[in-house]
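Following: one structure in structure tokens, then a few remarks.
The values are calculated or read from the model by the stated rules, or taken from the named source; none is laboratory data. Small disclaimer: the values here were computed from a predicted structure and weren't measured. Here the Cβ positions follow ideal geometry from the backbone for every residue, glycine too, while neighbour counts run over all protein chains shown. In case anyone asks, the SASA skips ligands and DNA or RNA and just uses the protein heavy atoms, side chains included. Shrake-Rupley method; radii C 1.70, N 1.55, O 1.52, S 1.80 Å.
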Amino acid sequence: MNHLHIALWGVLPYLVLALFVGGSAWRYRYDRFGFTTRSSQLYESRLLRVGGPLFHYGLFLVLGGHVVGLLIPEGLTDRLGVSEGFYHLNALLVGGAAGLAAVAGLAVLLWRRLRVRAVRAATSRSDRAVYPVLLAVLLAGLTATASGAAAGSYDYRLGVSVWFRSLFLLDPDVAAMRGAPLVYQLHALLAMALFGLWPFSRLVHAFAAPLGYLARPYIVYRSRASSAAAQRGAR
Amino acid sequence: MTRTPHKHSERRSGSAPIGRVMAQVAMVMNLDKCIGCHTCSVTCKQTWTNRAGTEYAWFNNVETRPGQGYPRGHEDQDRWKGGWRLKHGRLVPRSGGRARRLARLFANPELPTLDDYYEPWTYDYETLTSAPLGDDVPTARPRSLINGAETEITWGPNWDDDLGGGPARLAADPVLKQLERVGQKVRLEYEQAFMFYLPRICEHCLNPSCVAVCPSGALYKRIEDGIVLVDQDRCRGWRMCVSGCPYKKVYFNHRTGKAEKCTLCYPRIEAGEPTVCSETCVGRLRYLGIMLYDADRVGRAAAVEDEQELYEAQLDCFLDPHDPEVARAAEESGIPHDWVTAARRSPVRALISDYRIALPLHPEYRTMPMVWYVPPLSPVVEALSKDGHDGEDPANLFGAIDALRIPLEYLAGLFTAGDTGPVEAALCRLAAMRSYMRRINLGQERDCSLAAAVGLDAERMEEMYRLLALAKYEERYVIPTSYTGQVPDPDAAADTGCGLDGEGGPGMYERPGETFHALAPAVGRQDGEGGENEADEEDGELAGSATRGRVNLLNWDGRGRPAGLFPRRRGGERA
Ligand code: HEM
Ligand code: SF4
Ligand code: SF4
């Protein structure tokens, strides 16, 4: 049993990280043309206009919550005078709402994928792998959040978060994760599966988030020479 | 061939200081000559968009006007939010500034769907041969190329061709609706209707809104020749350019998830050859040439308050290449000498700036379009002849141009933001030319007063006639070969590659059986995320060997022997 836990919480995260980084680099190197959202809005717009933003905005809130919950140690918020009860109420309400929005959004998107014929026809093998995992990650996470509502429930900030931070110190605290309830373990495992699939699916579009646009002049000029040279280099 | 220099009418270029000079390959189409044959659309399609994913993409399309256009009603910017608008005197994309665009990334509220274009289809041709013998003639049923299902054909790229569909359909024309808003009731019954054809390609705008709304900076304007292109390797499929272009000339390849647009056939232009649509135009109505312009004036010109002044403002951006000051400034800006001389001979410049008979399409979108049009006189002439008048009598014609308000205002709705003045002036010049030349053809004396009435002299009138009626290949297309320029503002430009040849991309070699004529298996066809380029390379080899040794007659100007018609002699020289 102990070996399994070491493998899951001490070794697997690094394998996934290596796959995530290496896979993304490989994809960028050899398939830059494939870095796209593969938007399906041309086929169907009404449902996407509900599901797309709902899912993504919900997801970004959820991600923000993860950054706070996983990276900021409980000691810090304590010292800042944020009470344990207030913190968890907040996490439950805001996190729960964001999670629900993301799941609802994904449900709309999935319904659309399955029911709109053109969208279904444009669904790739990698999509078929990613959607179930994505949905499962979200559901497991939401269940974990909901389970935190009970009084005296598991405080993940003293377990899962400690393990997560220890990963980056290259000293994985396997014990911290071993004691976590099953939903948390499941959520973490599914998330690792998602990160493993990431470079090989449409999820790479998240790397392309065009933040530079905010600072760019509207009109882009380019010399014929720069593109011609790059093209010669690429082929 | 050299033509005697004209008297030059570009104003201001002498007086105002000249900023950074840039060169633009521009086009003019003479609408009177378009017979609506769609040859240009088809040859363009065969060249650029005969791939799965671009079935519905018509880089060149020919619309009957009045009509809805393609995609339907694309001129209704209240709905599609293409182009620019003025906000407190400053230009912002009509669809919103940068932050608003980013917030709408997850679903673009202004994106047209296939319903606004049409659902591309093929036919079950196989049943024609595989149906068992019987009394009934087998039919090939239409099948959607999008999802493989049987489909009803309810719309197409030129469904309302030749006023097809009648008044009910035509009433949806945004230009007509605008006319009605200002109180013009247009009769659309066949007997009273007027019509003409409007071939459209990308305008390769001086102030392109497609470029402005692209969050990845994948669209760019080439500094050497002004051609607007999509870098396929940088495009991330945010599909903002599709709605950002008011002319709806960026298409989304639904297989590759990338935007594609008219390239002005840049590989041909670079070699000094005209675009495929020009080359194959049956009416020989397209002109290609260089326009020199002052890049520093563009921003201000596009931001003039009154929409009806945009035409004049754009004219003011153009520079007169005969002016030695301009020639000097151009060479200082890195434009080679042969481009300046080409600009002097540019037929496009003559039609736009000298004779002032070419007008921009929808200047009110503020993108400063660079494909201009000589408005058609034929609706007026036809209306006259229908009433039993002599359609070429100058008195009749001038009167009719003034009296036939409907075609005039419609044309003004297309070309001058509703200001009938410039349209009327252009039509009067064309009318005067007709009458003037008729006298000559009938052996009568030249009537110089006709020329003077429209501000020309006899010599220029006849030159204009030659350019419009007789100009040969090398007078219609004056295109210098390519050079390499300097990026005006290094910060504004990126230097990544421009790969057109990804899987399913515009430069992809055709996969046997993968063009849109063949129905690909509908499910799982996008399989194989990643590593797709390898397969592509193999196909490249394949297609390369299949076409090797073929003669490309598209490049042949009809003179001499086309390159490669005969095999090489030993020793490597061509026979
Ligand atoms: C970082 C910024 C992100 C941006 C700007 C973004 C943007 C987009 C866009 C434009 C689409 C295409 C919608 C369409 O037209 O069909 C899309 C689809 C999608 N995105 Fe994102 N995304 C981001 C992050 C993410 C992340 C982090 C995930 C998941 C972990 C994600 C999951 C998805 C999925 C599953 C779809 C497919 C939706 C469908 O068509 O069914 N995205 N995204
Ligand atoms: S016409 Fe061409 S250059 Fe102008 S905005 Fe549209 S796509 Fe861009
Ligand atoms: S080929 Fe020429 S004449 Fe024929 S539709 Fe096109 S522009 Fe008009």
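Restricting attention to helices (runs of 4 or more DSSP H) lying wholly within the stretch B:340-446, give those where 2 or more residues are away from ligand 2 (no atom under 16 Å from the Cβ) and either within 14 Å of another protein chain (Cβ to nearest Cβ) or under 21 Å from B:A469 (Cβ atoms) (or both).
B:378-386, B:394-403, B:420-441
With the requirement that a residue be hydroxyl-bearing (S, T, Y) and either modelled with pLDDT under 50 or more than 27 Å from B:R200 (Cβ to Cβ) (or both), what does the stretch B:1-49 give you?
B:T2, B:T4, B:S9, B:S13, B:S15
Is it the case that the stretch B:253-272 has a residue that's within 17 Å of B:M29 (Cβ to Cβ), within 16 Å of ligand 3 (Cβ to nearest atom) and away from chain A (no Cβ under 14 Å)?
Yes: one or more hits.
Of all residues in the stretch A:25-43, how many are more than 7 Å from chain B (Cβ to nearest Cβ) and among the charged types (D, E, K, R)?
The qualifying residues number 1.
Residues to consider are B:A458, B:A452; find the one that is touching a Cys at 6+ places or on another chain (Cβ under 6 Å), modelled with pLDDT of 90 or more, open to solvent by 20 Å² or more (accessible area, probe 1.4 Å) and closer than 30 Å to B:N396 by Cβ.
When all the criteria are applied, what remains is B:A458.
Quick one: which of B:R222, B:R239, B:R234 is touching a Leu at 6+ places or on another chain (Cβ under 7 Å), within 16 Å of ligand 1 (Cβ to nearest atom) and of a type in the set (D, E, K, R)?
Unique residue meeting the criteria: B:R239.
What is the number of the single condition among (1) surrounded by fewer than 20 Cβ atoms within 10 Å (Cβ to Cβ); (2) on the phi < 0 side of the Ramachandran plot that A:A188 does not meet?
(1)
Restricting to the stretch A:32-53, and then to whatever is away from ligand 1 (no atom under 11 Å from the Cβ) and in a helix (DSSP H, G or I), can you tell me which residue is nearest to A:R120 (Cα to Cα)?
By that ranking, first place goes to A:R46.
What's the number of the only condition in (1) modelled with pLDDT of 50 or more; (2) within 11 Å of another protein chain (Cβ to nearest Cβ); (3) buried (at least 19 other Cβ atoms within 10 Å of the Cβ); (4) within 30 Å of A:F200 (Cα to Cα) that B:P506 fails to meet?
(2)
Being open to solvent by 40 Å² or more (accessible area, probe 1.4 Å), more than 9 Å from ligand 3 (Cβ to nearest atom) and without any contact (Cβ under 8 Å) to a residue 60 or more places away in the chain is the filter here; which residues of the stretch B:28-48 pass it?
Correct list: B:Q46 only.
Go through the stretch A:143-186 and report how many residues are closer than 22 Å to A:L92 by Cβ, among the hydroxyl-bearing types (S, T, Y) and free of Cβ contacts under 8 Å to residues at least 24 places away in the same chain.
Residues flagged as closer than 22 Å to A:L92 by Cβ, among the hydroxyl-bearing types (S, T, Y) and free of Cβ contacts under 8 Å to residues at least 24 places away in the same chain within the stretch A:143-186 amount to 1.
Please go through the stretch B:58-102 and pick out each residue that is of a type in the set (D, E, K, R) and either more than 28 Å from B:Y118 (Cβ to Cβ) or more than 14 Å from chain A (Cβ to nearest Cβ) (or both).
Once the filter is applied, which keeps residues that are of a type in the set (D, E, K, R) and either more than 28 Å from B:Y118 (Cβ to Cβ) or more than 14 Å from chain A (Cβ to nearest Cβ) (or both), the stretch B:58-102 yields B:E63, B:R65, B:R72, B:E75, B:D76, B:D78, B:K81, B:R85, B:K87, B:R90, B:R98, B:R100.
Suppose we filter A:G34, A:G52, A:G58 for residues that are touching a residue at least 60 places away in the same chain (Cβ under 8 Å), farther than 23 Å from A:A175 by Cα and not aliphatic (A, V, I, L, M); which single one remains?
Residue meeting the stated conditions: A:G34.
Does the stretch B:405-426 contain at least one residue that is on the phi > 0 side of the Ramachandran plot and either surrounded by fewer than 19 Cβ atoms within 10 Å (Cβ to Cβ) or in contact (Cβ under 8 Å) with a residue 12 or more places away in the chain (or both)?
Yes: one or more hits.
How many residues, within the stretch A:45-57, are touching a helix residue (DSSP H, G or I) at 6+ places or on another chain (Cβ under 8 Å) and more than 7 Å from chain B (Cβ to nearest Cβ)?
Residues flagged as touching a helix residue (DSSP H, G or I) at 6+ places or on another chain (Cβ under 8 Å) and more than 7 Å from chain B (Cβ to nearest Cβ) within the stretch A:45-57 amount to 6.
Being within 16 Å of ligand 2 (Cβ to nearest atom) and either within 14 Å of chain A (Cβ to nearest Cβ) or open to solvent by 40 Å² or more (accessible area, probe 1.4 Å) (or both) is true for just one of B:E126, B:E110, B:E119, B:E55. Which residue is that?
B:E110
Condition check ((1) surrounded by fewer than 24 Cβ atoms within 10 Å (Cβ to Cβ); (2) in a helix (DSSP H, G or I); (3) more than 16 Å from ligand 2 (Cβ to nearest atom); (4) not β-branched (V, I, T)) across all residues:
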residue: B:R255; (1), (2), (3), (4): yes, no, yes, yes
residue: B:G272; (1), (2), (3), (4): yes, no, yes, yes
residue: B:E279; (1), (2), (3), (4): yes, yes, yes, yes
residue: B:G283; (1), (2), (3), (4): yes, no, yes, yes
residue: B:I290; (1), (2), (3), (4): no, no, yes, no
residue: B:V298; (1), (2), (3), (4): yes, yes, no, no
residue: B:E305; (1), (2), (3), (4): yes, no, yes, yes
residue: B:E309; (1), (2), (3), (4): yes, yes, yes, yes
residue: B:E312; (1), (2), (3), (4): yes, yes, yes, yes
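Please specify each residue of the stretch B:452-485 satisfying the condition of being of a type in the set (F, W, Y) and assigned to a loop (DSSP other than H, G, I, E, B).
B:Y483, the sole residue that qualifies.
When you go through A:Y184, A:Y221, A:Y213, A:Y156 one by one, which is the residue that is aromatic (F, W, Y), at the interface with chain B (Cβ under 7 Å from one of its Cβ atoms) and out of contact with any strand residue (DSSP E or B) (no Cβ under 9 Å at 6 or more places or on another chain)?
It is A:Y213.
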